[in-house]
Every structure is written in structure tokens, then in C-alpha cells.
1. Restricting the search to the stretch 271-302, which residues are polar (S, T, N, Q) and open to solvent by less than 50 Å² (accessible area, probe 1.4 Å)?
2. Which condition breaks for L176 when tested against (1) modelled with pLDDT under 95; (2) more than 15 Å from the chain's Cα centre (by Cα); (3) aliphatic (A, V, I, L, M); (4) surrounded by fewer than 23 Cβ atoms within 10 Å (Cβ to Cβ)?
3. Can you name the condition, by its number, that N227 falls short on among (1) open to solvent by 10 Å² or more (accessible area, probe 1.4 Å); (2) closer than 17 Å to G420 by Cα?
4. Keeping to the stretch 433-454, report how many residues are closer than 22 Å to A230 by Cα and of a type in the set (A, V, I, L, M, F, W, C).
5. Scan the stretch 345-380 for residues that are buried (at least 20 other Cβ atoms within 10 Å of the Cβ) and farther than 29 Å from R414 by Cα and jot them down.
6. Would you call E280 within 25 Å of Y142 (Cα to Cα), outside any strand (DSSP E or B) and free of Cβ contacts under 8 Å to residues at least 40 places away in the same chain?
7. Filter the stretch 163-172 down to the residues that are open to solvent by 30 Å² or more (accessible area, probe 1.4 Å) and either in a loop (DSSP other than H, G, I, E, B) or charged (D, E, K, R) (or both) and list them by number.
8. Residue by residue through the stretch 146-161, note down the ones that are assigned to a strand (DSSP E or B) and open to solvent by 10 Å² or more (accessible area, probe 1.4 Å).
Amino acid sequence: MTAIAAAIRFLAALAAALCLLGISTTVFGAERSAEPQRALLEAAVESDLGSLYPQAAQRSILSLAREPTESEASAREGLLPLPDYSGDWRTREFLSGDWGGTRNKWARKGVTFDFHWLQVAQGIVDGGVDTGWTYVANLDYYATVDLMRMKLVPGAMVSLRAQSRFGRTVNTDTGLLLPVNTFSAFPFGSEVDEDIPLAITELNYMQFVSEKLGFLLGKITTMKNANEFAGGEGRTQFMNFQFIYSGAFAQLAPYSTLAAGVLWTPSAKATVTSILMNTEDASTTSGFSDIGDGASWWTSVDYRLEVSGLPGGGTVGGVYAFDGDFARIGGINFDPGTGISLTRKDEAWALYWSAWQYVYVMGGSAQEVDPRNGVQDLQGVGLFLMLGLADESTNPATFTAAVGVGGRGVIAGRGHDTFGVGYFYNDLQDPRPLANNPLAQRTQGLEAYYNLAIARAIALTFDFQWTESAFRSVDDAIVVAARLNVRF
């Protein structure tokens, strides 16, 4: 048994034991206040464990920490508040509404369903490997079973996410190492831009067992990050990967994989998260066959702060991968039988810092801010910064940086429109120590988008990108796109 297999099985056993503890304890029982899990859930949104939550959990968690409205008071019979499927099509959160009362009925019983449809028309109008236009569509399905609302397991829920993708992207034609259309790059298939009829990318169990401790076990996705102005998985804010996650992490963090995570909340403004996951992506597999083939241990500290009364926050963290198979940059072996080959390493690491801060808010900042929901929550303007460092012996991108500005409602009468402008920079080194070096010493780029809110559930985005190629032989690219996002 390898070290990673033993570690994951140990965490699985620990999770099972904690689950039994959660069932038998009265921490979340009817005779105790719901405040402990509300505080933990609020902190979880600010932590990297929030990336493991399904969409429905993320958009409702922060409301658990407020004084409840009448509908929220009813919602707190469960772990999650009840979503509101009613209302006019222009103002309701889900375009298809309540389905004749069926959707609200199921939600009151603890079962919710969401459906997202994303379409992207994107083209390289100059430079790159090749010019031309592409079209791709992504379907995203979410289901959440609130076991607490069902009166089965206090403080527990089960989350399911499935995804489909059809069409192709320009990601392989820009001359970059990372995608310019991030959301449509996932889930991974056996080939780039392969059609994915259906892939189960999340299936996990979440259990809160005390005021300061929670855990998760199962299959997760990892692209949700806690940055108010640079997140959204590439679906609602920036499209380029560099403005969603540090490029230093791309080598070590799979999109969908098996994981076990622990969350500890020592205070209301700080959260420590530790997650152990397979390094191999399992978008279209169960992930069990990857146990023992390498793991990534992700640990982070999330914090919240205010500057001049305006909300801000950030994340400091790192990932250590072990029992893997990484090419050692600059290392060469010569074998008379096989010829020249690169030496390998079984471990690698990366560090990162992500920060955001509002600098101007219209009408005050009393509204809750959820930095993981992929939208700017307040009407105003803010700044963001992301920095990354990676293992020089294994990663072509040794230093990454992204900085920019974002906002909402800056045009009169368009209070829900959002925008962003960002710049990224990467230091590069070629993994093949040969005289003919195809990689440039750096890559950089700009992106600007404007998100037009047609209705609360419908958004049309216009996006522009200029990217400096990572390859010496490829010209810089100008990429434009139109993105339509609908929540059903």
C-alpha cells in the first residue's frame, strides 16, 4: 500500500467516524440553536472548502448568518435556506420558475434542482496559431439533498453536480498554456474539446459536527475561488484562467477528483482549510482507480477585513503534491538503450495569495458579500490581486500575477450590469533543456468584459482579450467573445 492510499483511507475512516458522531450528537438537534452551523457555514464560504460546495449551497450560506426573514425562518428547519423559485421572469433567480408549485414543494422536503446553460461564440481575429470562430455549449446540473431538513441526519447534506459540453473552443489556437475560455475547457475528456454527453463531476457528503469543525468526503470540483472580482469559474466574470486561479496551480489541482477535507474556524474572520485529493483528474471516471497514483494536499487560510469601512478579504495558501510523476526541468538522462530522456520527480509545490477590496460602494455596504458566488454583490467598484509561486524544478510557470478592477452598476439605470478589466503576467521556463527552446521567457495578457443583465437569470457578456504567446513561433492573439448564461 502506498503512502497516499494509506492517507486517503485513513481520512475516509476518520470521516466515517465523524459522521457517526454527527448522527449521535445533539449539537445540531432540535433542542439546540441553529447558530453553530450557521457560523460554520458562513466561514466555509470564505474558505477554500467553499469550492467544494454545490452552487445552491454557496448562494444561500451567507443568508444563514443574518437575522432571518419569514421565509428564511422556515428555511432554517434545514441546513440550507429555501430558494425562491417564484416571481416575474425578469426578477426571479431561475428562469423556469416554480414548475407549477412542484419545485417549491420538493425544496420544502429538502431536495433542490438547478440547471445552467452557457453558450460561447469566441474567435481569434488576429494572430495566434490560427484565426477563426468557434461555438461551444455547456450544461450544468445541480442537485442538493438536505438531510437535516429531511430529519435524517443533523448538519448534513449530499451534493450532486453533472456537466455536459458540446462544440469546440479556441483554447488550443491562442499560443497560451492555459485556456482563454476556462469554463468550456471542463470537464476534461480523453481529447481536447471532446464532446461530453454527461459527466458526474461532484458527488459528496458534507457533515458539520460542531461550532468550529466540518468535513467533506467524496468527489469535488475545484474551480470556485473566494475573490469578489475574479471568480465565477469563467462563467460569469473573466473568461481567462489567469483571472480565476493562479497559473502556478494548474499542474497540481485537477478539475474533478476524489477528496477529503477538514474545515476549522478559529474566529469569525479567519478559516483554516485542509484538503487531500487525488492529483489525477477524474471528470469522466469515478476516481477510485487514481488512488495511489499521486495526491495533492491543499491548505489555506482565508480572511476578511475592512478598509475605511469597505469590505475586502483574501486567501493565502499552498499545495504540496506527492507520490506523483513530474518531469524535472533541466534534468537529462542518457541511456544507451533508450536514448535521452528527462529525469522525473515525485513531488512538487506551489504557493498563492488572492486578495480583493472594494474602494467605492454606492449607498453603503450593509448588504452581505459572498466572494464565491461569481458576481459582484455590491453596486460599486473594487480591486483584485493574485500572486503565485511554483516549484522551479517541475513547473514551466514559476511566477504568476494578475491584477485588475471590477464593478457593478456604474452606468445609470443598469444596476445589475457588471464589468472587469485585468492584466496577467507569467515567468516561463522550458521543461526541455535543449538548444531549440520553443517557450518564450514570459507571457502576459489583458482582458476586459461587460456583463449585460437581460434579466436576473439571463446575462449576455461581451469579452475582449489580448494575449502574448507563450511560444516564440506564435504571434500574439486578439480574442473576442460573446457569452450567454441562463439559469433555469
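1. T271, T273, S274, N278, T279, S283, S296, S300
2. Going through the list (1) modelled with pLDDT under 95; (2) more than 15 Å from the chain's Cα centre (by Cα); (3) aliphatic (A, V, I, L, M); (4) surrounded by fewer than 23 Cβ atoms within 10 Å (Cβ to Cβ), L176 breaks only (4).
3. That leaves (1) as the condition not met.
4. 5
5. Hits for the stretch 345-380 are A348, A350, Y352.
6. Yes, satisfied.
7. R168
8. V158, L160, listed by residue number.
The values are calculated or read from the model by the stated rules, or taken from the named source; none is laboratory data. All figures in this text were calculated on a predicted structure; none of them were measured in a lab. Ideal geometry is used to build each Cβ from the backbone, glycine not excepted, and the neighbour counts take in all protein chains shown. Remember, those area values only see protein heavy atoms, side chains included, never the ligands or the DNA or RNA. Shrake-Rupley method; radii C 1.70, N 1.55, O 1.52, S 1.80 Å.
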